[in-house]
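Visitor: There's a structure below that I have some questions on.
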Amino acid sequence: MDAQEFFAQLPRGKEDKPLLFGFGPLEYNKDDIDGLYYMLDRDFSGCLLLNFAKPMNPEIQGRAWLNGEMLPPCVLKYMPIMGNLWVLGIPMRGFVNEYGKEYSLHVEGYTDTDGNEMNPQDFTVKCTDRAFPEKKNAAHETIALQAAQEGIVLLKNEGQLLPLAEGTTLNLFGKGVNQFRTSAVGAGKINPRYTIDLLTALREGGVFGVNEELPKFYRCDRDAIPQAEVIKAAREKSDLAVMLITRGTGENLDNSSAKGEYYLSGDEENLLKTLSETFSHTVVILNTGYPIDVTFADRYHVDALIYNGFGGMLAGQALADVLSGKMNPCGKLPDTWPMDYFDLPASRNFYDSADKPRLDADCGVYADTCYEEGIYVGYRYFSTFGKAPAYPFGYGLSYTSFTMKPGKLVYDRGIYGEITVTNTGSCSGKEVVQIYVNKPDGRMETPDRELIYFAKTRELQPGETERIPVSVPEKNLTVYDTDKAAYIMPAGEYTIFAGTDVYAPIWGSFVNEAETIVKQASHLMMAPNPPETLSKRNPESWPKGERTRVKEGTDGFFPVGKRSAYPASFNSGKSGKKLVYQDVKRDPSLVNKFVAALSIEELARLCVCASAGWGMEGVGEAGRVYQLEGYDMPDFPVSDGNSGVNLRVPNIGMPSGVTLCATFNKELMEQVGRVIGEEAKALGMPLILAPGMNLHRNPLNGRQPEYFSEDPYLAGMMGGHYCKGMESAGVGSCIKHLIGNNCESTRKRNQSIIGERALRELYLKPFEIAMGEHMPASVMTAYNAVNGCPTAADEELIQGFLREENGFDGFVMTDWGTYDTAGVAEMVQAGNCWITPGSLDDTYTGQIVEGVKEGRITLERLEENAAWIIRTMIRFA
Ligand code: BGC
């Protein structure tokens, strides 16, 4: 029976009792902590999902039992987005905990709106089988392990409590024991061949003992305090408590400043207090996708604090290796962790659902987000305004110690020198050299510090030394001059700092005698009504948050900005002769001729993606290029995959973007990109929709773990190296989401209002730097608007910034379903080559054909867009 027949025979009549059904055999993957629907609705976290075809009465709560044990209350919701079904989420996390085992599920009591109660139903639910490492994947998985290990940041280690002695019994507390998250949800999700979570790694590692009473207790899915006798027994086993604090997050929904999100929940706080008072030593592991309040580490007696983020398929093993000292931690914070969320200037202009409904992508309301903090994002604010963070940018401890001896600093249209790093401790390890600049504070005010270079040492043995050459091009020393629309080096003194975090000591200084223009740009994407921005020269300038708001009664972005037009320069060298794909594959100089012979309908068809493979028939690919009939075109599917190939086929599972970034290891990042590329190639994916490159403007952004850093240079370098690695495997990369997609709340209808300086020095910068390191095959525009124009339809962004200024030579695509809020013709005319996910009918192609007929799209622009697609395709398929 196919899906359509199956749906047709479901009982829907007034008298019919509601029937609970699932698709295919019921499997529960205990390693997929949040599950598929979490990105749509957080209440479904950890649930097995079943459906009712009839409208249900949510007031009447039924019940579910697993192997005779009553489960916590289920979640019943109408999900229009999931095929107009009522979805029953049955909480199973912690209950289904044995690989390969079958469980019997009994459900009863749910009642439809016609008053019919369901007949009790029984199901068999199988926990997915355990998979084991295979030799053929070992080389790739070694990189995944290294990335997970190097991405761990040791934040506190009082009295050198860590590493723990072999044979110690670990008392693991907190719901994170059964909710050890290894990935973000949504586009950044991984589907690994297997997962080694912390419990598995500890149980099977043979180094530590595990107090097994506690994982049993924490099936409760709460950060509850176990009964006194359980605690007493734990204390007798060892005087050490390890508490896991966990937070899931991902695409579509932002986090908030509520307790249980940015701040500790009441349960977490109570548990931590009890543990720190009961045990002589407490270790806290932050298994969170975003920075949270860590002031507890000093409020209670917490000896050691570890940030492991989402570490991918081998996250647990990596963490166990750090606990045991097999791995000496060498990760560094890619973001400032503040003392308080509201210390962040961007907190004043961010939709915070702590006391309001969470807004998802399709909630339908329009909102403005005004970037009043200007250039003062992350450490740029903390260092300039003398505000103490909880943990600074670039920070991370080691089990050994290092000294850094800077050599002579030379300025010659760039800075040059050498830093000598010596391991002065007693175990081997790696250190990160970080170079910052303080630029002259003249006509343009400048932040106190800006990262301009970083490099990681190799593994240094005790006593061993490495000389790290430093070379910083002039372009890294510039300020964006809003009067001249240019990147300039102001006249005056430049101070250079070299060290291991943002508060690095002075290395030296030089004087630039006269102001110079390093790169002339032009005014792009200007805000019709620019924001007032934070200034260290104006004590009254702290962000007020008045322009950031959900807009009532509007169904569009406003003001609609006027953008310059960039005429297409498509030149076909017309012959009119029809060519096929293989002709251009053999001779790429024929691309324009190939395109010139296509009809308008064919051009439109090529420029609209042939829909996503998220249904039951696909393998989960995000889309594919339409294979024009008669042109012998290859299959060209694309898939998500920041941290692996996001298909329903098991493959590699790397850490999330921010954890990869915490490695501060460019060479490793290249290897990560290469491995994902090689896996994608083996799975028939010529292009991967990654990396996500948006700046960490606010830690509560739902996609924080997917993106890299609050610093544009770090994000850009890491992104560029990732793309380089991926494309070395013959698979195209895609830097996304250009630009200003810095929150998920009503993301398709959110307008970022950004001043020109911040746009240039912060938000466009990571993309510019990545393109400078390695020109990627493609770019994805964002859902949001910037300064009055949807980014997907912004000609100044696509033609001006990407093509003219940065020589981008790949193809540009929309984010998925951007046409819900931006006109198809406008996007195409701006140079957005591929409209996604599209469809197989003429819904979107029709709009393009119409657009050409009405003169809203020039034929040359449509041809040029098509040529970019073909030119890119022939490189990878
Ligand atoms: C996300 C993109 C992703 C695309 C395709 C969108 O919802 O924002 O990052 O690449 O879907 O899955």
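The values are calculated or read from the model by the stated rules, or taken from the named source; none is laboratory data. All values reported here derive from a predicted model rather than from experimental measurement. Don't worry about glycine lacking a Cβ; one is built from the backbone with ideal geometry, like all the others, and counts go over all protein chains shown. Just the protein is used for accessible areas: all its heavy atoms, side chains included, with ligands, DNA and RNA removed. Shrake-Rupley method; radii C 1.70, N 1.55, O 1.52, S 1.80 Å.
Visitor: Would you check which residues across segment 597-642 are open to solvent by 20 Å² or more (accessible area, probe 1.4 Å), outside any loop (DSSP other than H, G, I, E, B) and within 16 Å of the ligand (Cβ to nearest atom) and list them?
Guide: Of everything in segment 597-642, those that are open to solvent by 20 Å² or more (accessible area, probe 1.4 Å), outside any loop (DSSP other than H, G, I, E, B) and within 16 Å of the ligand (Cβ to nearest atom) turn out to be ARG624, ASP640.
Visitor: Counting only residues that are among the polar types (S, T, N, Q), farther than 29 Å from PRO25 by Cα and assigned by TED's automatic domain parsing to the domain that holds PRO334, give me the strands (runs of 3 or more DSSP E) lying completely in segment 120-239 with at least 2 of them.
Guide: On the way: elements: 121-127, 153-157, 169-173.
So the answer is 169-173.
Visitor: Just to verify a result, which residue in segment 403-426, among those that are among the hydrophobic types (A, V, I, L, M, F, W, C), open to solvent by less than 40 Å² (accessible area, probe 1.4 Å) and out of contact with any helix residue (DSSP H, G or I) (no Cβ under 8 Å at 6 or more places or on another chain), is nearest to TYR494 (Cα to Cα)? Even if it seems obvious, please write down each step before you answer.
Guide: At the first step, the residues of segment 403-426 found to be among the hydrophobic types (A, V, I, L, M, F, W, C) are 404, 409-410, 415, 419, 421.
Those still in the list that are open to solvent by less than 40 Å² (accessible area, probe 1.4 Å) too: 409, 415, 419, 421.
Then keep just the ones that are out of contact with any helix residue (DSSP H, G or I) (no Cβ under 8 Å at 6 or more places or on another chain); that gives 409, 419, 421.
Working: LEU409: 12, ILE419: 18, VAL421: 24 Å.
Result: LEU409.
Visitor: Next question, about the same structure. Between ALA224, ALA233, ALA201, which is buried (at least 17 other Cβ atoms within 10 Å of the Cβ) and either of a type outside the set (A, V, I, L, M, F, W, C) or at pLDDT 95 or above (or both)?
Guide: Values: ALA224 fails: buried (at least 17 other Cβ atoms within 10 Å of the Cβ); ALA233 fails: buried (at least 17 other Cβ atoms within 10 Å of the Cβ).
After ruling out the rest, the residue left standing is ALA201.
Visitor: Further, regarding this structure: With respect to GLY68, determine if the residue is open to solvent by 40 Å² or more (accessible area, probe 1.4 Å), without any contact (Cβ under 8 Å) to a residue 40 or more places away in the chain and small (Gly, Ala, Ser).
Guide: Details: open to solvent by 40 Å² or more (accessible area, probe 1.4 Å): yes; without any contact (Cβ under 8 Å) to a residue 40 or more places away in the chain: yes; small (Gly, Ala, Ser): yes.
The answer is yes for GLY68.
Visitor: Specify which of the listed residues (GLY556, GLY576) is surrounded by fewer than 16 Cβ atoms within 10 Å (Cβ to Cβ), at pLDDT below 90 and over 30 Å from the mean Cα position of the chain (by Cα). Break it down into steps so the answer makes sense when it comes.
Guide: On the way: GLY556 fails: over 30 Å from the mean Cα position of the chain (by Cα).
One residue alone meets the criteria, GLY576.
Visitor: Looking at segment 361-369, is at least one residue touching a Leu at 6+ places or on another chain (Cβ under 6 Å), touching a residue at least 40 places away in the same chain (Cβ under 8 Å) and buried (at least 23 other Cβ atoms within 10 Å of the Cβ)?
Guide: So the first thing to find is which residues in segment 361-369 are touching a Leu at 6+ places or on another chain (Cβ under 6 Å), and the list is none.
No - not one qualifying residue is present in segment 361-369.
Visitor: Of everything in segment 674-691 that's part of a helix (DSSP H, G or I) and within 16 Å of the ligand (Cβ to nearest atom), which residue is nearest to LEU764 (Cα to Cα)?
Guide: Taking segment 674-691 as the starting set, the residues that turn out to be part of a helix (DSSP H, G or I) are 674-682.
Next, only the ones that are within 16 Å of the ligand (Cβ to nearest atom) stay: 676, 680.
Numbers: ILE676: 25, ALA680: 28 Å.
My answer is ILE676.
Visitor: Consider segment 717-744. How many of its residues are charged (D, E, K, R) and within 15 Å of the ligand (Cβ to nearest atom)? Lay out the reasoning, then the answer.
Guide: To start, the set of residues in segment 717-744 that are charged (D, E, K, R) comprises 724, 727, 736, 744.
Still in the list and also within 15 Å of the ligand (Cβ to nearest atom): 736, 744.
So the answer is 2.
Visitor: For ASN694, indicate whether it is part of a loop (DSSP other than H, G, I, E, B) and either away from the ligand (no atom under 16 Å from the Cβ) or not assigned by TED's automatic domain parsing to the domain that holds PHE767 (or both). Write out each step before concluding.
Guide: Working: part of a loop (DSSP other than H, G, I, E, B): yes; either away from the ligand (no atom under 16 Å from the Cβ) or not assigned by TED's automatic domain parsing to the domain that holds PHE767 (or both): no.
Judged against the criteria, ASN694 is not a match.
Visitor: Follow-up. From the list TYR399, TYR395, which residue is part of a loop (DSSP other than H, G, I, E, B), open to solvent by 20 Å² or more (accessible area, probe 1.4 Å) and under 20 Å from ILE468 (Cα atoms)? Lay out the reasoning, then the answer.
Guide: On the way: TYR399 fails: under 20 Å from ILE468 (Cα atoms).
Sole residue among the options that is part of a loop (DSSP other than H, G, I, E, B), open to solvent by 20 Å² or more (accessible area, probe 1.4 Å) and under 20 Å from ILE468 (Cα atoms): TYR395.
Visitor: With open to solvent by 10 Å² or more (accessible area, probe 1.4 Å), within 30 Å of ALA354 (Cβ to Cβ) and either within 15 Å of the ligand (Cβ to nearest atom) or outside the structural domain of THR478 (by TED's automatic domain parsing) (or both) as the only criterion, which of PRO705, PRO699 stands out?
Guide: On the way: PRO705 fails: open to solvent by 10 Å² or more (accessible area, probe 1.4 Å).
One residue alone meets the criteria, PRO699.
Visitor: Could you grab me the full set of residues in segment 493-525 that are in contact with a strand residue (DSSP E or B) (Cβ under 8 Å, 6 or more places away or on another chain), more than 29 Å from TYR395 (Cβ to Cβ) and open to solvent by 10 Å² or more (accessible area, probe 1.4 Å)?
Guide: VAL511, ASN512, GLU515, THR516, ILE517, VAL518, LYS519, GLN520, ALA521
Visitor: So SER564 clears everything in (1) more than 17 Å from GLU864 (Cα to Cα); (2) hydroxyl-bearing (Ser, Thr, Tyr); (3) not in a loop (DSSP other than H, G, I, E, B) except one condition, right? Which one?
Guide: Status for SER564: all satisfied but (3).
Visitor: Filter segment 784-814 for residues that are within 16 Å of the ligand (Cβ to nearest atom) and open to solvent by 10 Å² or more (accessible area, probe 1.4 Å) and give the result.
Guide: Residue satisfying the conditions is PRO790 alone.
Visitor: List every residue pair whose Cβ atoms lie under 6 Å apart, where the two residues are 6 or more positions apart in sequence or sit on different chains, the first residue falls within segment 622-640 and is assigned by TED's automatic domain parsing to the domain that holds LEU687 and among the β-branched types (Val, Ile, Thr), and the second residue, located anywhere, is open to solvent by less than 30 Å² (accessible area, probe 1.4 Å) and assigned to a loop (DSSP other than H, G, I, E, B).
Guide: VAL625/PHE636; VAL638/ALA622
Visitor: Please go through segment 449-489 and give me each residue that is over 25 Å from ASN328 (Cβ atoms), open to solvent by 20 Å² or more (accessible area, probe 1.4 Å) and under 28 Å from the mean Cα position of the chain (by Cα), ordered by number. Please lay out each step first, then the result.
Guide: So the first thing to find is which residues in segment 449-489 are over 25 Å from ASN328 (Cβ atoms), and the list is 449-450, 452, 471-489.
Restricting the remaining residues to those that are open to solvent by 20 Å² or more (accessible area, probe 1.4 Å) gives 449, 471, 473-476, 482-484.
ARG449, LYS475, ASN476 - these are the residues of segment 449-489 that are over 25 Å from ASN328 (Cβ atoms), open to solvent by 20 Å² or more (accessible area, probe 1.4 Å) and under 28 Å from the mean Cα position of the chain (by Cα).
Visitor: Identify, by number, the condition in (1) among the hydrophobic types (A, V, I, L, M, F, W, C); (2) under 29 Å from the mean Cα position of the chain (by Cα); (3) closer than 28 Å to ARG130 by Cβ that LEU66 doesn't meet.
Guide: Only one criterion is unmet by LEU66, namely (2).
Visitor: Residues in segment 815-838 that are within 16 Å of the ligand (Cβ to nearest atom) and closer than 23 Å to GLY732 by Cα: how many?
Guide: Applying the first criterion (within 16 Å of the ligand (Cβ to nearest atom)) to segment 815-838 yields 815-822, 827, 832-838.
If we keep only those that are closer than 23 Å to GLY732 by Cα too, we end up with 815-818, 827, 832-838.
So the count comes out to 12.
Visitor: Give the residue that is surrounded by the most Cβ atoms within 10 Å (Cβ to Cβ), with candidates limited to residues of segment 815-849 that are in contact (Cβ under 8 Å) with a residue 24 or more places away in the chain and among the acidic types (Asp, Glu).
Guide: If we take residues in segment 815-849 being in contact (Cβ under 8 Å) with a residue 24 or more places away in the chain and among the acidic types (Asp, Glu), then ASP815 is surrounded by the most Cβ atoms within 10 Å (Cβ to Cβ).
Visitor: Which condition from (1) over 23 Å from the mean Cα position of the chain (by Cα); (2) hydroxyl-bearing (Ser, Thr, Tyr); (3) under 26 Å from LYS475 (Cβ atoms) is the one that TYR371 breaks?
Guide: Failing condition for TYR371: (1).
Visitor: Which residue out of ARG93, ARG63 is among the basic types (Lys, Arg), surrounded by fewer than 20 Cβ atoms within 10 Å (Cβ to Cβ) and within 20 Å of CYS220 (Cα to Cα)? Steps first, answer last, please.
Guide: Details: ARG93 fails: surrounded by fewer than 20 Cβ atoms within 10 Å (Cβ to Cβ).
From the options ARG93, ARG63, the qualifying one is ARG63.
Visitor: When residues of segment 316-362 are filtered for being aliphatic (A, V, I, L, M) and within 16 Å of the ligand (Cβ to nearest atom), how many remain?
Guide: Filtering segment 316-362 down to residues aliphatic (A, V, I, L, M) leaves 318-320, 322-323, 327, 333, 339, 344, 346, 354, 359, 361.
Restricting the remaining residues to those that are within 16 Å of the ligand (Cβ to nearest atom) gives 359, 361.
Here the count works out to 2.
Visitor: Scan segment 745-767 and tell me whether some residue there is within 15 Å of the ligand (Cβ to nearest atom), closer than 25 Å to VAL672 by Cα, open to solvent by less than 10 Å² (accessible area, probe 1.4 Å) and out of contact with any Asp or Glu (no Cβ under 7 Å at 6 or more places or on another chain).
Guide: Yes: one or more hits.
Visitor: Taking the condition on the phi > 0 side of the Ramachandran plot and not β-branched (Val, Ile, Thr), does GLY46 pass?
Guide: On the way: on the phi > 0 side of the Ramachandran plot: yes; not β-branched (Val, Ile, Thr): yes.
Spelling it out, GLY46 is indeed on the phi > 0 side of the Ramachandran plot and not β-branched (Val, Ile, Thr).
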